[in-house]
Amino acid sequence: MESSLLDVLFLSEKRKNLLLLLLDGPKNIEEIKNTLDVRSSPIMTQIKILMKHDLIVESNRLYKLSSIGEILVPKMRAILETFNVFDKNHDYWINQDMTSIPPEFLDSLGKLGDYSEVNPDRNHVFEYPKEVVEHLSESEKVMISSSFFLPIYPSLCIELAAKGTDITLVFTEYVYDRMLNDYKKELEHFLNLKYTKLYVCNNNNMKIASSIVTEKFMSLSLFCNSGIYYNHNLVSFDDSALKWGKELFDHYKGMARPITRI
Amino acid sequence: MESSLIDLVFRSDKRKNLLILLDGGSKSIDEVRTELDVTATSILPQIKKLIDSDLIVQEDRMYKLTVLGEFIIKKVKPLISALEVVEKNNCYWTNHDLNSIPRHLLERISELGDCILVEPDLNHIYEPSPKIIDSMVNAKRASTLASYFNPAYLPLYVELGRKDAEISLNFTQSVWDHLSNEHSNMIKEVMGMDNVSLYVSKEGVKITEITVTDRIMLLGLFDKNGKFDQQFIMSFEPSALRWGQELFDYFKRLSRQVKEI
């Protein structure tokens, strides 16, 4: 069946933006013009089209979504958010193993919002990119989950914890074993500091490479489809991304056991 | 810049339909041509675009979705299937008052699937609609919420009750007052049956009727002016029966059970 409503929903930037705006609540024409930065006559044309298709209604000079609009526009927004994430960095998502993200989180990948890929420069290939370290040191509450060992973990975590940062780590058995074997002293030191927590989960329970969430930003990194890893972080400051990252962290923490002493 | 996903998926019906087709499994070019009713020359450029954008791949002469393609279709489907329900009976949905249907069920309107519109037959306007009666006579269970009730249906429920069908009836106060006053014999009879439960809900339910049996789901809404136009949406799909049952149960929780007149 030819879907004319689909065209009405997607084939005009102005209509799309107006529908998304009305998802926040009814608006009068002045608010619409100011928020979308449009002039009267072009937007009125689009308003008329949307009204003709019963997607929006007008009452008391306020425009709002119709019942049908309320059903369709949230589904449209979910599509736009997700498509945005892929359009921003098409090659990344093609080459990384996105199925390593737990299904319920992959489903809401659109929440990453306005993210960007940050890579360390060639002199710091085994460290976090400078930007990430800066954001980390400005954060008060840090949650890191990781399924691979990054050599800067011991020093970075101790450094953050020593200055009073609330820091919780969820490592896989693999990473924990590596720490036990090669950085036992640092690990003991870390656990003895105030505001530090360590959890360990089964290797199979965490397939993403790593993730950081603080009250300021979140970052995510995945393995390539081939299983190879290159040092990178997808960094986002959007509220929706912080919430997504926090929930992902809690997901891993929920499957992990706490380590209080070694 | 590469074309955006919105353009790729929605700007061409051929591409959209191809993606939806491949969601059902990999297909050869012949199967694509037959099932979409297109010529090879018209579909091949679209296939190439989708391959170039990594949404589909070709392996052993078969086309299939990539992981990204699968995910994209999964995201797009809730909207497409909601649109299918809405567009099939567009006039009904846009001209009726949906405000009484709770949000979480409205969001799942796609579960109604392939609906048909039941309109009053001018020859039977004061009698039960034969279509509805036919679909209910052998029901093993039936739940009905009605804020408008044609007493002519009452014998049907009495008969179903006698045949041991599990029946739940939920009427608004005014319908209940009318039925218990004017048709007290039949009401008393069903009330005495163990397999029948009766509920009374407050006025203000802006649904004329919701009926769910083991075979059909019937939904009637008031029109935008608050009038009952005797039009119903009917569906036979299992997902629609579950949807209707949830709607019925939602109102049941807001009602009180009655055990005597």
Quiz item: In the set B:Lys224, B:Lys259, B:Lys252, B:Lys202, which member is modelled with pLDDT of 95 or more, open to solvent by 50 Å² or more (accessible area, probe 1.4 Å) and of a type in the set (Lys, Arg)?
Solution: B:Lys252
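Yes or no, residue by residue, for (1) farther than 25 Å from B:Leu112 by Cα; (2) aromatic (Phe, Trp, Tyr):
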position	(1), (2)
B:Phe171	no, yes
B:Asn181	yes, no
B:Glu189	yes, no
B:Asp194	yes, no
B:Gly204	no, no
B:Glu209	no, no
B:Leu218	no, no
B:Glu237	no, no
Practice problem: Could you please let me know if A:Asn17 is more than 10 Å from chain B (Cβ to nearest Cβ), under 23 Å from B:Ile73 (Cα atoms), polar (S, T, N, Q) and assigned to a helix (DSSP H, G or I)? | Solution: yes
Practice problem: Would you point out the residue of segment A:103-128, among those that are more than 23 Å from A:Tyr153 (Cβ to Cβ) and over 11 Å from the mean Cα position of the chain (by Cα), that is nearest to the other protein chains (Cβ to nearest Cβ)? | Solution: A:Asp107
Quiz item: Residues of segment A:49-61 being in contact with a Gly (Cβ under 9 Å, 6 or more places away or on another chain) and either of a type in the set (Gly, Ala, Ser) or under 11 Å from A:Leu22 (Cα atoms) (or both), which ones?
Solution: A:Leu55, A:Ile56, A:Val57
Quiz item: Are any of the residues in segment B:156-174 exposed (fewer than 15 other Cβ atoms within 10 Å of the Cβ) and either among the hydroxyl-bearing types (Ser, Thr, Tyr) or touching a Pro at 6+ places or on another chain (Cβ under 6 Å) (or both)?
Solution: yes
Practice problem: Would you be able to say whether some residue in segment B:180-189 is buried (at least 20 other Cβ atoms within 10 Å of the Cβ) and either out of contact with any helix residue (DSSP H, G or I) (no Cβ under 6 Å at 6 or more places or on another chain) or without any contact (Cβ under 8 Å) to a residue 40 or more places away in the chain (or both)? | Solution: no
Quiz item: From the list B:Val212, B:Val190, B:Val205, which one is touching a Ser or Thr at 6+ places or on another chain (Cβ under 8 Å) and either within 13 Å of B:Leu169 (Cα to Cα) or part of a helix (DSSP H, G or I) (or both)?
Solution: B:Val212
Quiz item: Residues B:Asn90, B:Asn95, B:Asn17: which one is of a type in the set (S, T, N, Q) and in contact (Cβ under 8 Å) with a residue 40 or more places away in the chain?
Solution: B:Asn95
Quiz item: Being closer than 30 Å to A:Trp244 by Cα, open to solvent by less than 70 Å² (accessible area, probe 1.4 Å) and within 14 Å of chain B (Cβ to nearest Cβ), is that true of even one residue in segment A:21-29?
Solution: yes
Quiz item: Which one of A:Ile56, A:Ile47 is more than 14 Å from every other protein chain (Cβ to nearest Cβ) and closer than 18 Å to A:Ser4 by Cα?
Solution: A:Ile47
Practice problem: Mind listing just one residue for me: the one in segment A:232-262 that is more than 15 Å from A:Glu215 (Cβ to Cβ) and small (Gly, Ala, Ser) and, of those, surrounded by the most Cβ atoms within 10 Å (Cβ to Cβ)? | Solution: A:Ala256
Practice problem: Could you tell me whether any residue of segment B:238-256 is polar (S, T, N, Q) and in a loop (DSSP other than H, G, I, E, B)? | Solution: yes
Exercise. Can you work out which of the residues in segment A:211-261 that are in contact with a Lys or Arg (Cβ under 9 Å, 6 or more places away or on another chain) and of a type in the set (Val, Ile, Thr) is nearest to A:Asn95 (Cα to Cα)?
Key: A:Val213
Quiz prompt | helices (runs of 4 or more DSSP H) lying entirely in segment A:60-150 (those with 3 or more residues that are open to solvent by 10 Å² or more (accessible area, probe 1.4 Å) and more than 23 Å from B:Ile72 (Cα to Cα)) | solution = A:130-138
Quiz item: Would you pick out the residues in segment A:205-226 that are in contact (Cβ under 8 Å) with a residue 24 or more places away in the chain and open to solvent by 20 Å² or more (accessible area, probe 1.4 Å)?
Solution: A:Asn205, A:Lys207, A:Glu215, A:Lys216, A:Phe223, A:Cys224, A:Asn225
Quiz item: Can you pull out the residues in segment B:98-115 that are in contact (Cβ under 8 Å) with a residue 12 or more places away in the chain, at the interface with another protein chain (Cβ under 9 Å from one of its Cβ atoms) and open to solvent by less than 30 Å² (accessible area, probe 1.4 Å)?
Solution: B:Leu98, B:Ile101, B:Ile109
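The values are calculated or read from the model by the stated rules, or taken from the named source; none is laboratory data. Because the structure is predicted, anything quoted here is derived from the model rather than measured. Cβ: placed from backbone, ideal geometry, glycine included. Neighbour counts: every protein chain shown. The accessibility values were calculated without ligands, DNA or RNA, using every heavy atom of the protein model including side chains. Shrake-Rupley method; radii C 1.70, N 1.55, O 1.52, S 1.80 Å.
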